[in-house]
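Scroll down for the structure; my scribbles are underneath it.
Throughout, read-outs are computed from the coordinates displayed, never taken from laboratory work. Everything quoted here is computed from the prediction, not taken from an experiment. Quick reminder, even Gly has a Cβ in these numbers, built from the backbone with ideal geometry, and neighbours come from all protein chains shown.
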Amino acid sequence: MSIPSIMDPRWRRALTGDEPKVTSLATRLLISRLRDDVRRDPSAMNDAVSQLHGFFSANAFAARDLSAL
Amino acid sequence: MRNMFLSTREASDLIASGVVLLAAGSAQALAALPRGKWIGGSTPYFMTAEGGRLDHDKVFCTVLDNAVDVRCAVAGESELPSLLSDRFGNGFSYLLIPAFSAVHQRFAVDAHGLPGLYDQPLIGWVTGIDLGDLGKVKPVVVNGMTGETLEDKAVVMHVALKPDIFAEADIVNLFTQGDGPDLVFPTTGFSASTCVVDGAERNFAEWLRETGAGTELPLVANYNGAMINVAFQGVHENKVDFYAPVVAGRIYRLAASVGDYPSAYGTYCNSLHDAGGATALSCNCILNYLYASLEGRTTGSFTGPVTFGEIAYILLNQTLVRLDLLSGNLAAAAD
């Protein structure tokens, strides 16, 4: 499965909209932490999107969570 | 991965054969092992294929047949930020931390912010001792590559995997959030005096006494669907101590009742029999061992050390942690 571009709106939506229904532990923990970061400081959004995109690029097991974003 | 509960002689022969190995055993048992490609942590409690067991003589070994290379390092409190900097391109890291040490406290609070934490699986456990020796001896970790035994530093093994194998860490947790009030703590830490209970500030110890809540069941926070426990260590006059830190601002609830803990855990574990535990790298918590009376009982097909804290990216309590190696092509998956 291909990873959406870092400009894709799904990354931001995962960090601000309804909690995405992901299943892998790492995805759950990371999104939870990044949503907290963005809630506390909205200017952290670009860095959070970069971390989320990098995570999906690095972890093959997380591919199954992409469809939930 | 191959899980084995061995005599120190058998484990020594295995190490001498050159395999990559993760070990758990009493400090005396670990001290009997030769140098080689292994790291280990102290605990005399184990989940074996025959059930939970206290044993000071044998060692629990997991052989990593799919490892193509390893790097080991030790890290004190100040070196934690660079803990993961020496990882391989494809693999996982296995971390052992002595209980009650400064590095244990620091990891518990700061793990979430470790650079690159989620770029690759990190699992491990907090090393322990015989509960009868509390206050008399200290838990240790051992770097088998150098022969160092340490009470105040963590040891990590970074494992490189073949390109067509990747690792995934997960947890097996009996507990979910109950339907009680939201509990929010104003500060992060292993102790709490004040807690906001459904919006009202309360002394947490007093509130626990008033509600008659037991401390065998943990606090549970929902991390985007992952149920993360914080176990109670003790309720004092005006404060409550935990085995892992509560995080400021996060919403906790008391765990939903499971009825009789030993039978609930037994039923839960029976449902895990087909969950691939025999080939997983796993560990389980000493609190589950005690509260669910696991001595002589199995936890599905999962075997491994019984620990004073579990690590799956962050510090966990009252949880079984597992790591599985899966076949696949990382590059293809990321295309």
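Please compute the length gained on full extension between A:Thr16 and A:Arg39, using 0.36 nm multiplied by the number of residues separating them and subtracting their Cα-Cα distance. Before the final figure, lay out the partial values.
Working: separation 23, 0.36 × 23 = 8.28 nm, distance 0.79 nm.
Once the chain is fully extended between A:Thr16 and A:Arg39, it gains 7.5 nm.
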Over chain B, relative contact order from alpha-carbon pairs under 8 Å, at least 6 apart, %: 22
Neighbour net charge for B:Gln233 - beta-carbon separation under 13 angstrom, K R +1, D E -1: -1
B:Gly309 long-range amide H proximity, modeled H, under 5 Å: B:Val126, B:Ile286
Net charge dipole size for chain B [Lys, Arg +1 and Asp, Glu -1 on Cβ; Debye, nearest 20]: 440
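Pulled fully out, how much extra length does the chain show between B:Ser85 and B:Asp260, if you take 0.36 nm times their separation in residues and subtract their Cα-Cα distance? Numbers along the way, then the final one.
Working: separation 175, 0.36 × 175 = 63.00 nm, distance 4.43 nm.
That works out to 58.6 nm of additional length.
Could you put B:Lys136, A:Lys21, B:Lys153 in order, starting from the residue whose Cβ has the fewest other Cβ atoms within 10 Å? Walk me through the numbers on the way to the answer.
Details: B:Lys136 8, A:Lys21 12, B:Lys153 21.
Neighbour counts put them in this order, fewest first: B:Lys136, A:Lys21, B:Lys153.
Arrange B:Lys138, B:Lys162 by Cβ neighbour counts within 10 Å, fewest through most, would you?
Values: B:Lys138 17, B:Lys162 13.
Exposure proxy ranking, most exposed first: B:Lys162, B:Lys138.
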Cα centroid separation - the stretch B:33-88 against the stretch B:119-180, whole Å: 7
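So if each residue of separation counts as 0.36 nm, and I subtract the Cα-Cα distance between B:Leu54 and B:Ala102, what length gain in nm does that give? Walk me through the intermediate numbers first.
Values: separation 48, 0.36 × 48 = 17.28 nm, distance 2.69 nm.
So the chain would gain 14.6 nm between B:Leu54 and B:Ala102.
Magnitude of the Cβ-charge dipole of the stretch B:234-335, K/R +1 and D/E -1, about the Cα centre, nearest 20 debye? Numbers along the way, then the final one.
Details: 5 positive and 8 negative charges, 36 e Å.
Value, rounded to 20: 180 debye.
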Chain B, helix-only ellipticity at 222 nm - DSSP H runs n ≥ 4, -39,500 (n - 2.57), divided by all residues, nearest 500: -4000 deg cm²/dmol
Of B:Leu219, B:Thr176, B:Ser301, farthest towards positive along the dipole that unit charges on Lys, Arg, Asp, Glu beta carbons give the protein assembly as shown: B:Ser301
Relative packing of peptides B:92-103, B:310-321 - highest average C-beta neighbours within 10 Å first: B:310-321, B:92-103
Contact order relative to length of chain A, as percent, for alpha carbon pairs under 8 angstrom and 6 or more apart: 49
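Determine, from the Cβ-Cβ distance of B:Asp65 and B:Ala31 and an R0 of 22 Å, the FRET efficiency 1/(1 + (r/R0)^6), rounded to the nearest 0.05. Mind showing how you got there, number by number?
Values: r = 26 Å, r/R0 = 1.18.
So the FRET efficiency works out to roughly 0.25.
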Ranked list, fewest to most other Cβ atoms within 10 Å of each Cβ, for B:Met227, A:Met7: A:Met7, B:Met227
Förster-model FRET efficiency, 25 Å R0, B:Glu237 and B:Glu201, C-beta, rounded to 0.05: 0.90
Karplus (6.51, -1.76, 1.60) ³J(HN,Hα), θ = phi - 60°, over the stretch B:55-60, in Hz, Gly and Pro reported as x: 8, 8, 9, 9, 10, 8
Label point distance in nm, B:Thr279-A:Ser5, each placed 7 Å from Cα along Cα→Cβ: 4.0
Size of electric dipole in the stretch B:130-207: Cβ of Lys, Arg +1 and of Asp, Glu -1, about Cα centre, debye, nearest 20: 300
